[in-house]
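Below is one structure, written out as structure tokens, with a few remarks after it.
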Amino acid sequence: MTSTAPIPALPVETFELSHNALKQLVLKRPGEDDAVDVRVRRAFPWSQPGRFISIRNADGKEVLLVDDLQQLPGSLRATIENALAGAQFIPTIRRIIELDMSFGHQNWTVETDRGPATFRVQEREDVRFMPDGKFTIKDADGSIYLLPRLEDLDPLSRRAVERLL
């Protein structure tokens, strides 16, 4: 029987993110040139939003992968969360005003956390159930909306959605 030595824990890579005078996000790491105008993206925005955060240079090449946001110091985590919030536009539907399902597609009129919206959904498959009970809705233009769990909706909105299920 052979024994294997435990794999040593690797040191956490130290890095900084800050904004320059042009309001571009700059990644600083010891011993490396600064990466200016980096982008921050989630690898798994729906299933693991706080894990596997990709930091990419201006050319779109990944230069750093953050395994878990919760392991970062508060100010660095806040900088990344602010960058993520500014990078994604996924309105959350708060209330369904009207859901018309005539003519083989769905016309949604809703109130979102970003204001009122009207959009068309082509296929039934464009309304997807998520493991946490929420739904994603892709409209005919490719925009994504987040719909809360059914029990978190008001009764009229819940009834409108239940017709789809």
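Each residue, residue 144 and residue 111, gets one label point 7 Å from its Cα in the Cβ direction; the gap between the two is 2.6 nm.
Are there GluC sites (Glu not before Pro) in segment 21-97 that DSSP marks as loop and that have at most 12 other Cβ atoms within 10 Å, and which are they? Spell out each step's value before the answer.
On the way: sites: 32, 62, 81; in loops: 32.
Loop-located and lightly packed - 32.
Net length available on complete extension from residue 61 to residue 132 is 22.4 nm, with 0.36 nm assigned per residue and the Cα-Cα distance removed. From the Kirkwood radius over Cα pairs of segment 16-87, Stokes-Einstein at 37 °C and 0.692 mPa s returns a whole-number translational diffusion coefficient of 266 µm²/s.
The magnitude of the dipole of the chain, with charges of +1 and -1 set on the Cβ of Lys/Arg and Asp/Glu and taken from the Cα centre, is near 200 debye. A dipole drawn for the chain from +1 and -1 charges on Cβ atoms has a positive end, and of 25, 150, 121 the residue lying farthest that way is 150.
Compute the separation of the alpha-carbon centres of segment 127-165 and segment 71-117 and state it in Å as a whole number. After rounding, the separation between the Cα centres reads 12 Å. Near residue 43, once Lys and Arg are set to +1 and Asp and Glu to -1 for all other residues with Cβ below 15 Å from its Cβ, the sum equals +3. Under 17 Å from a point 7 Å along the Cα-to-Cβ line of residue 16: which residues of segment 58-98 have their amide N that close? Residues passing the 17 Å test: 73-80.
Note down the Stokes-Einstein diffusion coefficient of the chain in µm²/s, whole number, using a Kirkwood radius over alpha carbon pairs, 25 °C, and 0.890 mPa s. Kindly include the intermediate steps, with their values, before the conclusion.
On the way: Rh = 18.8 Å.
After rounding, the answer is 130 µm²/s.
Under 27 Å of direct C-alpha separation, and excluding same-chain neighbours fewer than eight residues apart, residue 28 reaches these lysines: 61. Got a sec? Charge dipole of segment 11-165, +1 on Cβ for Lys and Arg, -1 for Asp and Glu; which of 36, 70, 57 is way out at the positive end? Comparing the listed Cα positions along the dipole, 70 ranks first.
None of the figures in this text is laboratory data; all of them are computed from the coordinates on show. Model, not experiment: these values are computed from the prediction. A quick note on method: Cβ atoms are made from the backbone with ideal geometry, for glycine too, and the neighbour counts reach across all protein chains shown.
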